[in-house]
1. Could you tell me whether Tyr50 is buried (at least 17 other Cβ atoms within 10 Å of the Cβ), in a helix (DSSP H, G or I) and modelled with pLDDT under 80?
2. Does at least one position in segment 124-133 carry a residue that is assigned to a helix (DSSP H, G or I), surrounded by fewer than 13 Cβ atoms within 10 Å (Cβ to Cβ) and at pLDDT 80 or above?
3. Among the residues of segment 257-274, is any modelled with pLDDT under 90, surrounded by fewer than 21 Cβ atoms within 10 Å (Cβ to Cβ) and under 25 Å from Asp144 (Cβ atoms)?
4. Restrict the check to segment 66-85 and report whether at least one residue is modelled with pLDDT under 80 and surrounded by 17 or more Cβ atoms within 10 Å (Cβ to Cβ).
5. Scan segment 165-204 residue by residue and report those that are in contact (Cβ under 8 Å) with a residue 60 or more places away in the chain and hydroxyl-bearing (Ser, Thr, Tyr).
6. Would you be able to say whether some residue in segment 202-214 is open to solvent by 60 Å² or more (accessible area, probe 1.4 Å), touching a Gly at 6+ places or on another chain (Cβ under 6 Å), assigned to a helix (DSSP H, G or I) and more than 30 Å from Ala82 (Cα to Cα)?
7. Of all residues in segment 94-107, count the ones that are at pLDDT below 85 and either loosely packed, with under 13 Cβ neighbours inside 10 Å or over 12 Å from Ala149 (Cβ atoms) (or both).
8. State yes or no: is Thr143 at pLDDT below 80, of a type in the set (Ser, Thr, Tyr) and not in a loop (DSSP other than H, G, I, E, B)?
Amino acid sequence: MSGLLALLDDVAAIAKIAATSVDDVVSQAAKTGAKAAGAVIDDTAVTPNYVQGFSADRELPIVWRIARGSLFNKLVILLPIALLLSAYLPALIPVLLLLGGLYLSYEGAEKILHRTEPGAGTAPRAADGAQLEEDKVQGAIATDFVLSAEIMTIALAALPDGGLVYRAAVLAVVAVAITALVYGSVALIVKVDDIGLHLHSRGKWAVTRRFGRGLVAGMPGFLKLLTIVGTAAMLWVGGAIILHALAELHLEAPEHWVHEAAVLAGSAAPPVRGLVTWLVSATLSGLIGLALGAVLVRTLSLWTHRKTGAKSDNTTQNKNKDDDSHD
């Protein structure tokens, strides 16, 4: 009997240690996940754009497909890579951060430049179709891969020293929690108009029906605002990541200048010092992201144009040769 009691006591002790470890992992995941808040906001704001133009019955399936792709990105691809890099090639992490920041800046600048071009936004709304849906989903997952890479890298950098299993557990919790938060929010956003329509048509009280009409009427403007916020967040996060990556690569001056400017602006408004400091830092980071992204957009555009022109010239020359041979 005493042996059984001793065994139960040992089991209880092990369970207590396991519970403490789980609690520690969850607590640390919350702290490290908060560090990646900027990229999370970006991901949440950008994703609803991928379901625009589709019928209502396809919205949630598309969001679910993107969410599965996002979870696969984080758990199957990025988590092992992050752990391997942190263990064997930590010096490569800032380089990857820099590339990711440049990509986000390129995406944000491309959206702005596209909207400022003559005739932009006048194209008819795309019809629902299997190939269109596949293209949208794959494009969303590709963009999510970069955002997920930034989230996982930022979370990894925020982790204290710990064993490989501990870091893997924390990053896995961060990956699942952030994916659920982002795509749960996206699913709610894209179905708000349907909820409003249901309340408007089937609400029992007048206030409920008015609220439903308000939701339906307000969604187009909200989605436009969300697009603006998503683009701004993309540039802000991209610029901030670039500055941080450059500092990690021993080019601290740009990040230092932005920090000093933000602190100086915040000191001029003591009652709202924190808010002003953040706004100035985010604005300057966004402008840096926009400038670098615009350079990348124009460079890629020129390169593509030259490549297309060279192919066109080669095609014309080959056609002329064929015509001469026939003559």
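1. The answer is yes for Tyr50.
2. Looking for residues that are assigned to a helix (DSSP H, G or I), surrounded by fewer than 13 Cβ atoms within 10 Å (Cβ to Cβ) and at pLDDT 80 or above, one finds none in segment 124-133, hence no.
3. Looking for residues that are modelled with pLDDT under 90, surrounded by fewer than 21 Cβ atoms within 10 Å (Cβ to Cβ) and under 25 Å from Asp144 (Cβ atoms), one finds none in segment 257-274, hence no.
4. No - not one qualifying residue is present in segment 66-85.
5. Of everything in segment 165-204, those that are in contact (Cβ under 8 Å) with a residue 60 or more places away in the chain and hydroxyl-bearing (Ser, Thr, Tyr) turn out to be Tyr166, Thr179, Tyr183, Ser185.
6. Yes: segment 202-214 contains one or more residues that are open to solvent by 60 Å² or more (accessible area, probe 1.4 Å), touching a Gly at 6+ places or on another chain (Cβ under 6 Å), assigned to a helix (DSSP H, G or I) and more than 30 Å from Ala82 (Cα to Cα).
7. 2
8. Working: at pLDDT below 80: yes; of a type in the set (Ser, Thr, Tyr): yes; not in a loop (DSSP other than H, G, I, E, B): yes.
Judged against the criteria, Thr143 is a match.
The values are calculated or read from the model by the stated rules, or taken from the named source; none is laboratory data. Predicted model, so just to flag it, every value in this text is computed and none were measured. Heads up, the Cβs are rebuilt from the backbone with ideal geometry, glycines too, and the neighbour counts pull from every protein chain shown. These accessible areas exclude ligands, DNA and RNA; they are computed on the full protein's heavy atoms, side chains included. Shrake-Rupley method; radii C 1.70, N 1.55, O 1.52, S 1.80 Å.
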